[in-house]
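The values are calculated or read from the model by the stated rules, or taken from the named source; none is laboratory data. Just so you know, these numbers come straight off a predicted model, no measurement behind them. We place every Cβ from the backbone using ideal geometry, glycine too, and count neighbours over all the protein chains shown. Please note that ligands, DNA and RNA were not included when accessible areas were found on the heavy atoms of the full protein model with its side chains. Shrake-Rupley method; radii C 1.70, N 1.55, O 1.52, S 1.80 Å.
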Amino acid sequence: MELIARTATPPATGCKAKGCGSSDDGLAGLPASVREQVQNHPCFSENAHHHFARMHVAVAPACNIQCNYCNRKYDCSNESRPGVVSEVLTPDEAVYKVKAVAAAIPQMTVLGIAGPGDPLANPERTFNTFRQLSEQTPDIKLCVSTNGLRLPEFADEIARYNIQHVTITINCLDPEIGASIYPWIFWNNRRIRGVKASKILIRNQLKGLEMLVERGVLVKVNSVMIPGVNDHHLKEVSRAVKDRGAFLHNVMPLISEAEHGTFYGVTGQRGPTNAELSALQESCSDSMSMMRHCRQCRADAVGMLGEDRGQEFTLDKIAGKEIDYAAAMVKRERVQRAILDTLAETAPTSIPAADTDSTLLAVASKSGRVVDEHFGHARHFAIYRVDANGSSFVENREIELYCSGANECPEEENRLDGHIAALSDCAGVLCSRIGIGPWRQLEQAGIEPSSSYALDSIEQSLTSFYQELSAQGKLTTTHKHQAIA
Ligand code: CLF
Ligand code: SF4
């Protein structure tokens, strides 16, 4: 299991009302057609990721550029966490797998192609898959993630298959910066290097973005934050992509562990701390809606964001299954409608404005819906702003695993510094289980742990936990002050 080591420090600032990622406070102001496009897309809508799932099919092995944060043995790091590798499928295998997953997980609303290379460097495989899905599974939204080099060439093809969501990774607008991120691109049958290569790549990314927006496609831009290389420049990227019609900006941290064998990994380029990432996201949010709940998925991910059910749907496990997709669609429609109806009813109370009575609470959850993660097994905590009226998601904070996966947490635990630092501005943390040692250390740090809400819904648990802490006088002025800093 990978350790995520880049996190020891909490964000410098809490969430401001307008800066809560892609939180659905913005949905009400959107045109009906756009609202329909995002309300059940777990990446384009923060709220949707608690209720709807996505899946990826790894049909695109080749790539046409080299990024210094990528080792080509693994999945495309523009969306995937580096160091994971996915099994490549043929388009026919992919379509079969999509139907099997859609029948088993009715809340799976989005099919994405995000690797393991670049989907548009594999146009036959990518569009063969999309064409079949647009015909055979018309209730599934189609999504693609690309480095953008061949985007202008395929913008019409994307629109033809009703692919409503595209992600372009744009790390810079300045080719001089680009030259230190991309050593080469493969363009018009030639390998091109340096500033010249970056100029072509950036030109095509921006042109492709404009062409997609003209065609009514919603575009999210991903940027990898590389301290000392492009961090000072990403605010400008945010403004520029917004001006060209991008819907959302997702600034992701560089992950550059040496064992992944990337150029940045072996040369010691560091990734950002949580505080640096949060501060940059906050500053970009002045001009652009920011995504803050990205989980840097695998190219064959299945399930809710942060959950990977891929092993349940390997080709050998689904082989020979008869799938009645017409019947599955009826069930899917019913399940998804029920979720949307519930969301419509609860939306007004779920997004409190920042005020002096709100505080931050952390949740350990695998599913993103219920409190179902052991404190010691959590690889991240979801941070919520909570007050007496409800809760709103702020961000995910990655942490380093301290528990080896054994059944019991160590009683005496002295490796909790990273956890405590990451949660230091939170009044409490919800988890499904926790050992007595970590419990005591959290309490000593002024962070109240609770496993009383195990397997309850996150939203209800947060409200009840807030009331409990409030009644016990455990929401100190410090907590409240930090929550809105
Ligand atoms: Fe997949 Fe990407 Fe579509 Fe989402 S993921 S292709 S937009 S359906 Fe989402 Fe995963 Fe982050 Fe990507 S959490 S890595 S942003
Ligand atoms: Fe790797 Fe993706 Fe960059 Fe290609 S575009 S080099 S697969 S990170």
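Here the chain has 50 percent of its accessible surface on carbon and sulfur atoms, given a 1.4 Å probe and all protein chains in place. Remark: spin-label model distance residue 157-residue 258 equals 4.2 nm, labels positioned 7 Å along the Cα→Cβ axis.
Ignoring ligands, DNA and RNA, what accessible area per residue does segment 213-261 give at 1.4 Å, in Å²?
35 Å²
Once the Cα-Cα distance is subtracted from the 0.36 nm per residue extended length, the residue 471 to residue 357 segment shows a gain of 39.7 nm.
What FRET efficiency, computed as 1/(1 + (r/R0)^6) with R0 = 35 Å and r the Cβ-Cβ distance, is obtained for residue 236 and residue 322, rounded to the nearest 0.05?
The formula returns an efficiency of 0.05 here.
Amide H contacts of residue 374 (H built 1.01 Å from N, in plane; Pro and chain starts excluded): 432, 433 sit under 5 Å, all sequence-distant by 5 or more or on other chains.
For segment 263-271, 3J(HN,Hα) computed residue by residue from phi via the Karplus equation (6.51, -1.76, 1.60; θ = phi - 60°) reads 4, 5, x, 7, 9, x, 5, 8, x Hz, glycine and proline entered as x.
Couplings 3J(HN,Hα) of segment 291-301, computed from phi: 8, 10, 10, 4, 10, 6, 6, 6, 6, 10, 5 Hz, in residue order, whole Hz [Karplus 6.51 cos²θ - 1.76 cosθ + 1.60, θ = phi - 60°; x for Gly and Pro]. The GluC sites (Glu not before Pro) of segment 248-336 meeting both criteria, a DSSP state outside H, G, I, E and B (loop) and at most 13 other C-beta atoms within 10 angstrom of the site's C-beta, are 322. Compute the Cα gyration tensor for segment 232-317, then decide on rounded, prolate or oblate, letting a ≥ b ≥ c be the square roots of its eigenvalues: rounded whenever a/c is under 1.5, prolate when a/b is larger than b/c in the other cases, and oblate in all that remain. It is oblate, given that a/c is not under 1.5 and a/b is not larger than b/c. DSSP assigns beta bridges within the chain; of those with both partners inside it, close to 40 percent run antiparallel. Counting only Cα atoms, the size of segment 21-174 along its three principal axes is 41, 40, 31 Å, in decreasing order. Computing FRET efficiency as 1/(1 + (r/R0)^6) for residue 286 and residue 214, where r is the C-beta to C-beta distance and R0 is 30 Å, gives about 0.70. Dipole size of the chain about its Cα centre, with +1 on Lys/Arg Cβ and -1 on Asp/Glu Cβ: approximately 1440 debye, rounded to the nearest 20. Using the Cβ-Cβ distance between residue 275 and residue 93 with R0 set to 51 Å, the FRET efficiency works out to roughly 0.75. Estimated purely from DSSP H runs of n ≥ 4, each contributing -39500 (n - 2.57), the mean residue ellipticity at 222 nm for the chain is -10000 deg cm²/dmol once divided by its residues.
Give me the tail of P(r) for segment 217-362 as a percent: Cα-Cα pairs with distance above 18 Å. Each step should come with its number before you reach the end.
Numbers: 7870 of 10585 pairs.
Considering segment 217-362, 74 percent of its Cα-Cα pairs are separated by more than 18 Å.
In this view, the solvent-accessible surface of residue 135, computed with a 1.4 Å probe and all protein chains in place, comes to about 120 Å². At 25 °C and 0.890 mPa s, grab the translational diffusion coefficient of the chain from Stokes-Einstein with a Kirkwood Rh over Cα pairs, rounded to a whole number in µm² per second. Translational D for this selection: 107 µm²/s.
Given a 1.4 Å probe and the protein chains as shown, residue 73 ends up with an accessible area of around 140 Å². Residues whose amide H comes within less than 5 Å of that of residue 252, counting only those at least five positions distant or on another chain, are 223, 224, 225 (H built at 1.01 Å from N in the peptide plane). Put simply, the amide H of residue 429, placed in the peptide plane, has neighbours under 5 Å in 362, 448, 450, leaving out anything fewer than 5 places away on its chain. For segment 94-184, what mean projected area does the convex hull of the alpha carbons give, in nm²? The number I arrive at for segment 94-184 is 6.6 nm².
In order along segment 185-201, phi translates into HN-Hα couplings of 10, 10, 9, 6, 6, 9, 8, 10, 10, x, 4, 4, 5, 5, 4, 5, 4 Hz, rounded to whole numbers, per the Karplus curve 6.51 cos²θ - 1.76 cosθ + 1.60 with θ = phi - 60° and x for Gly and Pro.
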